[in-house]
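Working notes for the structure below.
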Amino acid sequence: DAKTTQPTSMDCAEGRAANLPCNHSTISGNEYVYWYRQIHSQGPQYIIHGLKNNETNEMASLIITEDRKSSTLILPHATLRDTAVYYCIVRVANSNSGYALNFGKGTSLLVTP
Amino acid sequence: GAGVSQSPSNKVTEKGKDVELRCDPISGHTALYWYRQSLGQGLEFLIYFQGNSAPDKSGLPSDRFSAERTGGSVSTLTIQRTQQEDSAVYLCASRGGGFEQYFGPGTRLTVT
């Protein structure tokens, strides 16, 4: 699996957009980019995933650069409840491991009032 | 609707004892995963089940760890002769036909 690099921590003011970057310069053509988050003392929560095209759902938007070497997760209007550790994961679908995820250290996002 | 449930939520055990952790996946989800999260660390993959079989056990840290799944539903993770380094939160996730995994709340294991 391609390695990912994320900032250790970020701050964002409530109501503003939170832009979380992820570098995955060694990504292969058949690897997807997934984002999960983990709120304190809870299990991780799926946010969004993509392969090449930008994606948007009710939680966030995912912008993937044309060369796919980096991506940005955007929370358009951050709230205090978005304070969490955000994980960027690159993973190929593999019949043996069935999309098992390799979580790194993630980015600790603090949304402030 | 019902999500992934795990039991117990907390378990304190003495070093050397065996423990069993249980996971009830979302009904109908054929894929099930076990992960663990040590204090201040990221999540570490342990094992993956497709139905009742485990095609990938590569993450199990030692032969003291084993897991089984019966009836394509409930899974049990067993740790024999627990050690202090086994202390962690053990998380279970299940997946249906899509990409996303749904995680349970975890079992916090403390080995004294």
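The values are calculated or read from the model by the stated rules, or taken from the named source; none is laboratory data. Only a predicted model underlies this, so the values are computations on that prediction, with no experimental measurement involved. Heads up, the Cβs are rebuilt from the backbone with ideal geometry, glycines too, and the neighbour counts pull from every protein chain shown.
Restricting attention to segment A:1-42, the residues that are among the basic types (Lys, Arg) and at pLDDT below 95 total 1.
With respect to A:Ile39, determine if the residue is out of contact with any Phe, Trp or Tyr (no Cβ under 8 Å at 6 or more places or on another chain) and within 14 Å of chain B (Cβ to nearest Cβ). Judged against the criteria, A:Ile39 is a match. The residue that is farthest from B:Ser94 (Cα to Cα), among those in segment B:28-70 that are within 10 Å of chain A (Cβ to nearest Cβ) and hydroxyl-bearing (Ser, Thr, Tyr), is B:Ser58.
The number of residues in segment A:77-103 being within 14 Å of chain B (Cβ to nearest Cβ) and not in a loop (DSSP other than H, G, I, E, B) comes to 9.
Of everything in segment B:4-55 that is of a type in the set (Lys, Arg) and farther than 15 Å from B:Gly71 by Cα, the residue that is nearest to the chain's Cα centre (by Cα) is B:Arg36.
The residue list A:Ile74, A:Ile63, A:Ile47 contains one member that is within 11 Å of chain B (Cβ to nearest Cβ) and either in a strand (DSSP E or B) or without any contact (Cβ under 8 Å) to a residue 24 or more places away in the chain (or both), which is A:Ile47. The residues of segment B:86-112 that are surrounded by fewer than 19 Cβ atoms within 10 Å (Cβ to Cβ), free of Cβ contacts under 8 Å to residues at least 40 places away in the same chain and of a type outside the set (Gly, Ala, Ser), listed by number, are B:Phe99, B:Glu100.
Among the residues of this structure, B:Lys15 counts as one that is more than 28 Å from A:Ser9 (Cβ to Cβ), part of a loop (DSSP other than H, G, I, E, B) and in contact (Cβ under 8 Å) with a residue 24 or more places away in the chain.
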